[in-house]
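Report on one structure; see the data block that follows.
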Protein chains: 2
Amino acid sequence: PDEQAGRQAVARQQQLTKPAGSLGRLEELSVWVAARQGTCPPRPFSRPRVVVFAGDHGVAADGVSAYPSEVTGQMVTNFLTGGAAVNALAANAGASVRVVDMAVNGDTSEVVAAHKVRRGSGAIDKDDALTTEQAHAAVTAGRTIADEEIDGGADLLVAGDMGIGNTTPSAVLIAALTANEPVAVVGRGTGIDDNAWMRKTTTIRDALRRARKVVDDPMALLRTAAGADIAALTGFLAQAALRRTPVVLDGVVVGAAAMVAEELAPGARQWWLAGHRSAEPGATMVLDHLDLAPVLELDMRLGEGSGALAALPLVTASVRVLDEMATFAEAGIGSP
Amino acid sequence: PDEQAGRQAVARQQQLTKPAGSLGRLEELSVWVAARQGTCPPRPFSRPRVVVFAGDHGVAADGVSAYPSEVTGQMVTNFLTGGAAVNALAANAGASVRVVDMAVNGDTSEVVAAHKVRRGSGAIDKDDALTTEQAHAAVTAGRTIADEEIDGGADLLVAGDMGIGNTTPSAVLIAALTANEPVAVVGRGTGIDDNAWMRKTTTIRDALRRARKVVDDPMALLRTAAGADIAALTGFLAQAALRRTPVVLDGVVVGAAAMVAEELAPGARQWWLAGHRSAEPGATMVLDHLDLAPVLELDMRLGEGSGALAALPLVTASVRVLDEMATFAEAGIGSP
């Protein structure tokens, strides 16, 4: 980030026709954007873009979710036809949506399957999620997708996820990287009952035993305990930072990938804004670990980028304030 | 509100292609809107409208603000030329802005002065803010303005305030109606220093002695301790409820008026949504007293309707979710 542009934004906020600091977090958001764009006042975002990374997970067969694996592919279709929450929330926020199939356990439309690595990632309580080659391919795909979007004009990215069972590997990654126990990090995901919660916790426990052995090697961790969707998210988030493009993070799955991306590319978190605090317990561990303060706390826990998209209008509002408000001098008002 | 439409919205949220409850507060907001509109799915808002009530206060002469009274009129001009925070935030949220001069201590444009009651309300630590006739005229003006806006097509109202010194009468009203002491309710307003804080607290203490005698009579309370701007806000909020039109409340000044409006028209609060929790201490007392849960907590304390307008995109997002998302049946997905 460009600290000089950030300081200019702080100074400009002081000159606008309002008491200094009276817009609270909105002022901070505008400073954040100015420093990421390297210019003050910041530019309105011309092409905010959501990328939803879809994939299935072998652990779904353990009954860790309230839904069967088939729903992942059905939801990909729902994204493409505009019927999902991400579509409504993106439209509300002025963003467009791309979905990529990284490891859906079935056929999807050609338009989304170009980067597909496999059908379903491995059951991480027993096997590796991916081979070494697949982990590399998935991270590279995520980097390529970030490049494609940025080269296509995206000046703000939102990362989203879709995959039945995907909060289980996310919990494993978070527990491994924050040294938390399974019972602390496990959440209700799509809304599981107590029996499914116990199965999920057991799966996380077994997968965590495997993951802890490779916790110091991010690529091995992705291979062992993530999945092609989460590995691609990791590459996407790391590459966006490398390309100096701001990203609004969503909830626990994107957060888990973000933690691994920060391991792969230390400092990448400077390019990420936490859209919200998900209701999933692991999400708060991610925020604490990455030292990110969420914009919203609305008890959301859907994924798909939904929490990030709920926050996006506040980011654009902060930019408009800094761009459009008159200064005291311009308005002919004496500052105090 | 229409409880049947609310129940239909709850039921529809269960059928949409996402885990039940996974959009958290956004789902509740959509239910709130559906019940206020009396229809499910709710209609997109066609004309969200902000009305900013401007007025000066005699207590400003005590040095209770960081700014002189002249700034009120200057800011009215700033609203009309589009340079204020409310303009940028309204544009971001798709709302239009109206400003009304109820008691600015100087001349303002004819377009805003049609309902003006006087030049500056009285210094409430020593005198009544208004005469009985002026209090009546101001409340009636607020009611008329609500009628004008609703008859003009506004289907969502945002109430805002502008007036140097206006957090002082607001603090008095809140302290009187919640039985709190001056030191508990006094805030930094536009950003006053410790000496001004002591002056403001003394002014509130003296005004509160006068206000407590009439706390059971809302019209007398407005006459004694409010001002024409706050009295008009009170009428506006009460009339919006009578006209079954939802309102997004802003911070401590609007909140103080809302408390009086609820006294004048019990149950009116069912038509109000709290946009945010202002950093002013009195704002939290208002929220507790009216049993309203704020959408945002962003440490904002500007007024003008700014906090309500920051929340508005989340309200429109909630409506879009309920309107635009596919059901499980429509998407051909089995619900769990």
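The set of residues from region B:107-137 being in a loop (DSSP other than H, G, I, E, B) and either more than 30 Å from B:ARG199 (Cα to Cα) or outside the structural domain of B:ASP229 (by TED's automatic domain parsing) (or both) comprises B:SER109, B:GLU110, B:VAL111, B:VAL112, B:ALA113, B:ALA114, B:HIS115. Taking into account only those residues within region A:75-107 that are closer than 30 Å to A:LEU314 by Cβ and of a type in the set (Val, Ile, Thr), which is surrounded by the most Cβ atoms within 10 Å (Cβ to Cβ)? Applying the filter and picking the extreme gives A:VAL86. Annotation: of all residues in region A:171-194 being within 14 Å of chain B (Cβ to nearest Cβ) and farther than 17 Å from A:ASP161 by Cα, the one that is surrounded by the most Cβ atoms within 10 Å (Cβ to Cβ) is A:ILE192. List pairs: first in region A:261-280 and over 23 Å from A:LEU298 (Cα atoms) and at pLDDT 95 or above, second acidic (Asp, Glu) and crowded, with 22+ Cβ neighbours inside 10 Å, Cβ under 6 Å, 6+ apart or cross-chain? Between residues of region A:261-280 that are over 23 Å from A:LEU298 (Cα atoms) and at pLDDT 95 or above and residues that are acidic (Asp, Glu) and crowded, with 22+ Cβ neighbours inside 10 Å, the close pairs are A:ALA268/A:GLU262. Looking at region B:304-335, which of the residues that are assigned to a loop (DSSP other than H, G, I, E, B), in contact (Cβ under 8 Å) with a residue 60 or more places away in the chain and not polar (S, T, N, Q) is farthest from the other protein chains (Cβ to nearest Cβ)? Checking each candidate, the answer is B:GLY305.
Taking the listed residues A:THR72, A:THR17, the one that is more than 19 Å from A:ASP250 (Cβ to Cβ), in contact (Cβ under 8 Å) with a residue 60 or more places away in the chain and surrounded by 19 or more Cβ atoms within 10 Å (Cβ to Cβ) is A:THR17, with no other qualifying. Scanning region B:71-90 for residues that are more than 8 Å from chain A (Cβ to nearest Cβ) and not aromatic (Phe, Trp, Tyr) yields B:THR72, B:GLY73, B:VAL76, B:LEU80, B:VAL86, B:ALA90.
In region B:256-265, the condition of being within 14 Å of another protein chain (Cβ to nearest Cβ) and buried (at least 24 other Cβ atoms within 10 Å of the Cβ) is met by no residue. The residue that is nearest to the chain's Cα centre (by Cα), counting only those in region A:1-48 that are within 11 Å of chain B (Cβ to nearest Cβ) and within 19 Å of A:ALA240 (Cα to Cα), is A:LEU29. Restricting the first member to region B:136-156 and to residues that are touching a residue at least 24 places away in the same chain (Cβ under 8 Å), and the second to residues that are part of a helix (DSSP H, G or I) and of a type in the set (Asp, Glu), no beta-carbon pair is closer than 6 Å while six or more apart or on different chains. Within region A:80-95, residues that are without any contact (Cβ under 8 Å) to a residue 60 or more places away in the chain sit with their Cβ atoms under 8 Å from residues that are aliphatic (A, V, I, L, M) and assigned to a helix (DSSP H, G or I), at 6+ positions apart or across chains, in these pairs: A:THR81/B:ALA331; A:GLY83/B:ALA331; A:ALA88/B:ALA317; A:ALA88/B:VAL321.
The values are calculated or read from the model by the stated rules, or taken from the named source; none is laboratory data. None of the values given here were measured: they were computed from a predicted structure. Backbone-built Cβ (ideal geometry, glycine too); neighbour counts: all protein chains shown.
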